[in-house]
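J.: My structure is below; once you've seen it, I'll send some questions.
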Amino acid sequence: MGTIVSVVLAAGASTRFGAANKLLHPVEGEPMIRRVARLHAPAVVVFAHDEVRAALAGLDVRLVHNPEPGRGMGRSIALGVGAVEADAILLALGDMPFVRPATLRRLAALVADLARPVYRGRPGHPVRFGRVHHAALRALDGDRGARALVAEHGFTALAVDDPGVLRDVDAPDDLDAAPGS
């Protein structure tokens, strides 16, 4: 299986959520980003705001600061993957607090260069990238994430019974939405 490290992206502006940083919004009693990072720990968390750093105090995470979050998700991915030496990474989003730990374990245990969980036919997150893709991920910049890389190479689908792999939180109503909706 080799070494596998999660890279959690947490440097976005969360503009659709409102004035507050959505990553600090409580989910089941703790800030959303703390819940996500705890699920993935040990992990690398790419952040831009000091409040996010503070919310992660005491967790088994390595913090990587993105001083230019306006450059887009690609920049955050490049910084996070650049801070990791592993056989594979799980590229995770800081606004997806409902992914089940069993899903993360199953994804980590796969022997696949590019894989993602699929719930009811819909691909979700996090996405597993083997070492063969790390250079391409470190070269990303701008608003382009890893979507083009996944489209170019395809992925191994891991069927899961976990609606959390689809449930990101973009607006306050997303916290009340039915799982998998």
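The values are calculated or read from the model by the stated rules, or taken from the named source; none is laboratory data. For clarity, every value in this text was computed on a predicted model and none was experimentally measured. Virtual Cβ from ideal backbone geometry, glycine too; neighbours counted across all protein chains shown. Heavy atoms of the whole protein, side chains included, go into the accessibility calculation; ligands, DNA and RNA do not. Shrake-Rupley method; radii C 1.70, N 1.55, O 1.52, S 1.80 Å.
J.: At a Förster distance of 45 Å, what's the computed FRET efficiency of Ala57 paired with Glu152, Cβ-Cβ distance as r, to 0.05?
T.: The formula returns an efficiency of 0.70 here.
J.: How much accessible area per residue does the chain have, in Å², with a 1.4 Å probe? Kindly include the intermediate steps, with their values, before the conclusion.
T.: Working: 8570 Å² over 181 residues.
Here the per-residue accessible area is 47 Å².
J.: Now, a different point. What's the carbon and sulfur percent of region 64-107's accessible surface, probe 1.4 angstrom, rounded to a whole number? The partial results should precede the final answer.
T.: Working: 880 of 1660 Å².
Looking at region 64-107 in its full context, I get 53 percent from C and S.
J.: Something else: Along the Cα-to-Cβ line of Arg144, 7 Å from the Cα, sits a label point; which residues in region 80-115 have backbone N less than 19 Å from it?
T.: 80-82
J.: A further question on this structure: Can you give me the distance in nm between label points at Glu85 and Arg71, each placed 7 Å from the Cα along the Cα-to-Cβ direction?
T.: Going from the Glu85 label point to the Arg71 one covers 2.3 nm.
J.: Project the alpha carbons of region 61-119 onto their principal axes and report the range along each, largest first, in whole Å.
T.: 33, 25, 20 Å, listed from the longest principal axis down.
J.: Can you give the Rg to Rh ratio of the chain, both from alpha-carbon atoms, with Rh computed by the Kirkwood formula?
T.: 0.93
J.: When the chain is fully extended, how far beyond the present Cα-Cα distance does Glu30 get from Thr3, taking 0.36 nm per residue of separation?
T.: My answer for the length gained is 6.9 nm.
J.: Still on this structure, please answer the following. How much mean residue ellipticity at 222 nm does the chain get from its helices, if each DSSP H run of length 4 or more adds -39500 (n - 2.57) and you divide by all residues, to the nearest 500 deg cm²/dmol?
T.: One gets -6500 deg cm²/dmol as the mean residue ellipticity at 222 nm.
J.: Ordered by packing density, taken as the mean number of other Cβ atoms within 10 Å over each peptide's residues, highest first, how do 89-95, 68-74 rank?
T.: For the peptides 89-95, 68-74, the packing ranking is 89-95, 68-74.
J.: Right, another one. Rounded if a/c is under 1.5, else prolate if a/b is larger than b/c, else oblate: which is region 104-153, with a ≥ b ≥ c the root eigenvalues of its Cα gyration tensor? Don't skip to the end; give the middle numbers.
T.: Working: a/c = 2.24, a/b = 1.41, b/c = 1.60.
The shape class here is oblate.
J.: How many nm separate the modelled label positions at Asp113 and Asp161, each set 7 Å beyond the Cα in the direction of the Cβ?
T.: The answer from the label model is 3.3 nm.
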